[in-house]
Structures are given as structure tokens and as C-alpha cells.
Amino acid sequence: MTELLELKEKLQILYGKYSFYANAILKFLLAVFVFTNINRNLDYLKVLNNFFVILILALLCSILPMYMIVISGGIIITLHTFALGIEVGGVTLLLFALMYLLYFRFSSKDALAIVMTPAAFSLGMPCMIPLGCGLLRGPGSAISICIGTITYYYIRTVREIAEPLKKLEEQDIPGNIQALIGGVFHNKAMYVFIIAGAAVAVIVYAIRRMSADFAWYLAIGTGCLCYIIIAMCAAILLKAEVSIPVVFIGTIGSGLCALILEFFAYHADYRRSEFLEYQDDTYYYYVKAVPKKSVMKRRSSLKNSNLSLVFERGTHVS
């Protein structure tokens, strides 16, 4: 554990020195991953599935705010669907315009949740993003989780329903639109994961803000348990085709990822908690202070105490 703490503190120091470049590199890698994943699922416009196009877009996103990855990803999805069919592209444009209006109105700082939610579904760990948002963000991130979930299921619907319809010789445009919209909004599994993800993000946020010891661990454990229970109950009530064993295994994996996140983002030392009390003219204040686990600070204080002890002994002898 000591070696891990040392590695964590060295990484934090290194990141503090080169945060500008580190953020740019991370955004670049994230943009490449998102755009490549979109092109892999919607390979209808060959121009966009070019490595140099992806590289240029990712470089632009690396120096722009995070929400540009969300906007660029939506534009790429829309262009791919227009290449598949004008009616499919029209539905995509309308859907993403409505979702982005909701996103910029209520959760414009949670771009990472939108772009990572489809990836979490692809990995079979949809609970990972609600846990992360509950630990690091606020209740508003539930909106971004819902948008990311809808995006994932919309891409699946285009690939599974709209694409086969466009291969038919006789095209029924109104019928294609109806089939596409119905395939998305009649998908009961989507509603199961929207309900579970939004609820868990709020529950984890509420628990990790408690002043109780090990609140983050309690939030992670409770969040995983609630995700399984909510998904199971919603699947039964909505009669959705959801594999509970897959959800269970994915939630366990998500919990392990959340523990790693807790180690790097929080990792408090509850054994050295302090309770402070003070007052002013209006209020009494009772504060609980929990220090972070740190190896370097502890070694520094130990060296200082040793030096003080040596100095005192030397003074006493003389």
C-alpha cells in the first residue's frame, strides 16, 4: 500500500507540473477513442472513417473545451445516418438537437459522462459511469447519463433496424421513420438502464457527502447494490429483456473501477480524524476534519521530529 501511495503522490506532482499538456493528451486520446468507436458502429460515410480525419478532429478537440467532443461525436453520428438515408439523418438531427439543448441547459459540465456512457455499455459495465458521477459530480449528472444511454441505444437501433430497412428494394420513408423511432422509444431495456443509472448517481452522491466514516466506500457498495435491485425490479415491471447475471457481473466490475477512482480522487485516513469546534457572533461550528493518506508528508514530519529530538539531546548534553 505504501508503494501505491508513493506512486499516487508522484503522479499528482507530475500532473500538477504538466497539467496543461496532460489534459490536452487525455482529451486527444478520448476523442480518438470516441470517434473510432462511432465509425466502427456506423460505417456509412467512408470519408469520416479515415484515420487522418479522426486525427485532425481529435487534435482540434484536444485544445478546445470537453463539450466539443460531445458536439463533434453528435455531428459524426448525424452525418453517418444521413449517408444511410435522409429520413434516418433527419430523425438523428432532431433527436440530438433536443438532447443537446437539454445537456447545455442542465449539465454542460458533464461532457465526460455522455461520451463514456456508450463505452461503458460496450464493455458490459453500465454502472461504472453512474458510480463515477455520483462520487465526483452532482445530481445533475443524471441527465448526462440519460443522454449517453439514449445515444448508445439509438446507435444500436440504427444498426439493427434502420440499416436492414434501407437495403430493401422498395423504400417506405414514413414506415422507416416510424420503425426507427419505435425501435428506440419502445426499447424497454433502455428505460431500465436510464432509471437505474440516474437513481444510482443521485444515491451515491447523497451518501458520499455524509460525514460518516468511510462514506465513499459506503456509497460505492450501496450504489452497486441499488443498481442491481433497481435494474432487476424495473426489468420485471417493464417486462424488459435484461440479463440479470450480466448486470450483476458488470456491476461488480464497475464497483472495482470505482474503488480505483476513490483511491486516486479521495482516499482519506479516517484513523486520524479530528473534531473542531469554534464560534462567532451568530453561529456555533462543529467541524470534522479527515486528512488524506499521504506518505511524503508523514515522512517529512517524521524527519522533522527526529531532527528536533537530536537537537534537544545535543543541547541537553552540552
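Just a few scattered comments:
- For the chain, the solvent-accessible area with a 1.4 angstrom probe is 58 square angstrom per residue.
- Look at the alpha carbon pairs under 8 Å that are at least 6 residues apart: their mean separation over the length of the chain gives a relative contact order of 16 percent.
- Whole-Å distance, taken between Cα centres, linking the stretch 208-227 and the stretch 134-155: 20 Å
- THR2 sits with roughly 60 Å² accessible to a 1.4 Å probe, with DNA, RNA and ligands left out of the calculation.
- Cα-based shape type of the stretch 85-163, given that a ≥ b ≥ c are square roots of the gyration tensor eigenvalues and the cut on a/c is 1.5: oblate
- Over the chain: helical MRE at 222 nm, DSSP H runs n ≥ 4 each giving -39500 (n - 2.57), nearest 500: -25000 deg cm²/dmol
- Accessible surface of the chain, 1.4 Å probe: 68 percent of it comes from carbon and sulfur atoms.
- Equivalent ellipsoid semi-axes, the chain, via Cα gyration tensor eigenvalues times 5, rooted, Å: 47, 24, 17
- For the stretch 1-75: rounded, prolate or oblate by the Cα gyration tensor [a/c cutoff 1.5]: prolate
- Net charge, ASN176 excluded, C-beta distance under 10 Å - Lys, Arg +1, Asp, Glu -1: -1
- With 0.36 nm allotted per residue and the present C-alpha distance subtracted, the ALA22-LEU256 stretch has 81.8 nm of extension available.
- Burial order of peptide ranges 263-275, 231-243 (average beta-carbon count within 10 Å, highest first): 231-243, 263-275
- Take each peptide in 129-142, 112-125, count the other Cβ atoms within 10 Å of every residue, and average; sorted highest first, the result is 129-142, 112-125.
The values are calculated or read from the model by the stated rules, or taken from the named source; none is laboratory data. Bear in mind the structure is a predicted one, so any value in this text is a computation, not a measurement. Cβ atoms come from the backbone with ideal geometry, glycine included; neighbour counts cover every protein chain shown. The accessibility values were calculated without ligands, DNA or RNA, using every heavy atom of the protein model including side chains. Shrake-Rupley method; radii C 1.70, N 1.55, O 1.52, S 1.80 Å.
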